[in-house]
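Here's the structure, in structure tokens; my notes come after.
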Amino acid sequence: MNKRTIASLSLSALMLGGTIAGVTYGGIAVASSRSDAAIAKAAAGNAAKASKALAKGDPAKAIGFAEAAVALMPQDASYRTLLGAAYLKAGRFTSAHAAYADVLQLSPGNGKATLNLALAMIAEGQWDEARKLLDANAATVPASDRGLAIALAGDPVGAVELLTVAARSPDADAKTRQNLALALALAGRWAESRQLVGVDMAPLEADARIVQWAAFAKPVGAADQVSALLGVVPVKDPGQPVALALNATVPVSAMAAAEETVEPTPVEPAVEVAAVEAEAPAVAMPSDGTPRIVFGERREIVQALPASSTALTSGASKTRLAAVQPAAQPVAATPAKGNWFVQLGAYDNAGVAKDAWDRATRRYPALAQQAPTGMAFKSFYRLSVGGFSRASADTMCRGYRAKGGACFVRTSAGDQMAQWAKPAKTQMAAR
């Protein structure tokens, strides 16, 4: 079986029609006297050119043609879908967010547009909003895709529960199993993840996949995982042109040409991963039909010492240095009390959870000021910290995410102080 388990992408061909006044856009002149049929033909031509540019790996050029198609026929959901796909392939998540939001206004039941909108929101750091969107559209987004998106949005435990049910279905495919395996990995359940990966892959390939996922599970920025999943490089995004908004008040004729776009530097794909579907024209895929993860070069960030520090070389200087006290660390504000918890992950047992807690407190020292809590649930152990108000829990989770951690906020579910955090019981010596 081919190890590339990601479903091929598709694009609807729905055309709703529309007319505009004469414009010059993307280098293509459109006379005001043209008939609706001629305008539709010109829009279709631009869309075809956008699809061709995507197939050649030129998302910047594709954006210009797709924007021209949308300008010609702003009520056509398929052209806005194509524009969203071009934005995603260019790593422009803010623009993709706007494009897919417009698609859903025209076509509320479009599950693929919903999924891609959620991915764009996740890349922007809007995790809570993305989960709400996915929950509200559970009927239109397949569980196999929705589950992995939920995991990327900070709820790997919920994703595992959803994908476990999907994977037990008689018609479950390899993509569903691989998405469940990745969700298990993001939840810290590596042994189960490795076992499930091995169902569809040879042992050596499965081991390599787990190594790849170990890096994938430690993002630095909000856009890292979605970017890797789609095989794109995120860029500074100026946003979709205001005149292309579905309810734009700026006349389209005011746009003399397509906006200048920053094209990401091509990077040779390094490794693969089972992925959520991303809606785009089929011709937009690589030659093998498989999006890939691209990991950038790992770089250590070292703060330079001030020039005066070079004087600390003599014995007397070293003595004075030893007497210097370390700078006081900022003390986080005491969280307000309540019934809300920040879940940090789910692990095979409390011992594994303790190791994860140690790593989490090193990553985000504010956690060390709180008592770790947890609870056994089914076959894993949930690690959390809490007893906060909702606002305090949100603040704690956002701070941890900013340091590269994964978490989500929930209400109490029987959480108790972790076993390793309880004070040791003392016994009186026998007399």
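Which FRET efficiency value, to the nearest 0.05, do you get for residue 242 and residue 75 by plugging their Cβ-Cβ distance into 1/(1 + (r/R0)^6) with R0 = 22 Å?
Numbers: r = 17 Å, r/R0 = 0.79.
E(calc), rounded to 0.05, equals 0.80.
The stretch 331-417: which trypsin sites (Lys or Arg not before Pro) are DSSP loop and have at most 15 other beta-carbon atoms within 10 angstrom?
On the way: sites: 337, 354, 359, 362, 363, 378, 382, 390, 398, 401, 403, 410; in loops: 378, 403.
Here the sparse-neighbourhood loop sites are 378, 403.
Taking the alpha-carbon centroid of each part, what is the distance from the stretch 108-149 to the stretch 342-376 in angstrom?
Between the Cα centres of the stretch 108-149 and the stretch 342-376 lies a distance of 28 Å.
Let me know the charge dipole size of the stretch 337-421 about its Cα centre in debye, to the nearest 20, where only the beta-carbon of Lys, Arg (+1) and Asp, Glu (-1) is charged. Mind showing how you got there, number by number?
Values: 12 positive and 5 negative charges, 50 e Å.
In total the dipole reaches around 240 debye.
Positive end of the dipole of the stretch 344-398, charges at C-beta (+1 Lys, Arg; -1 Asp, Glu), about the Cα centre: which of 389, 375, 353 has its Cα farthest in that direction?
Going by the Cα projections, it comes out as 389.
In the stretch 25-169, if the dipole is taken from +1 on Lys/Arg beta carbons and -1 on Asp/Glu beta carbons about the Cα centre, which of 54, 93, 111 is farthest to the positive end?
Of the candidates, 54 comes out farthest on the positive side.
Under 1.5 on a/c is rounded, so check that first for the stretch 89-237, then, if it is not, pick prolate when a/b is larger than b/c and oblate when it is not; a ≥ b ≥ c are the square roots of the alpha carbon gyration tensor eigenvalues.
On the way: a/c = 2.10, a/b = 1.40, b/c = 1.51.
Cα axes put the stretch 89-237 in the oblate bin.
So which GluC sites (Glu not before Pro) in the stretch 132-213 end up in coil per DSSP with only 10 or fewer other C-beta atoms within 10 Å? Don't skip to the end; give the middle numbers.
On the way: sites: 161, 192, 205; in loops: none.
Passing both the DSSP loop test and the Cβ count: no residue.
Which of rounded, prolate, oblate describes the stretch 337-421, given a ≥ b ≥ c as roots of the alpha-carbon gyration tensor eigenvalues and a/c under 1.5 marking rounded, otherwise prolate only if a/b is larger than b/c?
Details: a/c = 1.64, a/b = 1.18, b/c = 1.39.
Oblate.
Among residues other than residue 214 whose Cβ falls under 12 Å from its Cβ, what is the net charge (Lys/Arg +1, Asp/Glu -1)? Walk me through the numbers before you get to the answer.
Numbers: positive: 194, 209, 218; negative: 207.
My count for the surroundings of residue 214 gives +2.
Restricting to DSSP loop positions (anything but H, G, I, E, B) with no more than 15 other Cβ atoms inside 10 Å of their own Cβ, which trypsin sites (Lys or Arg not before Pro) remain in the stretch 163-202? If you can, show how the numbers build up before the last one.
Numbers: sites: 168, 175, 177, 189, 194; in loops: 168, 189.
Those satisfying the criteria are 168.
Read-outs: derived from the displayed coordinates by stated rules, not from any lab. As the structure is a computational prediction, the values presented were derived from the model and not from experiment. Every residue, glycine among them, receives a Cβ derived from its backbone with ideal geometry; neighbour counts consider all protein chains shown.
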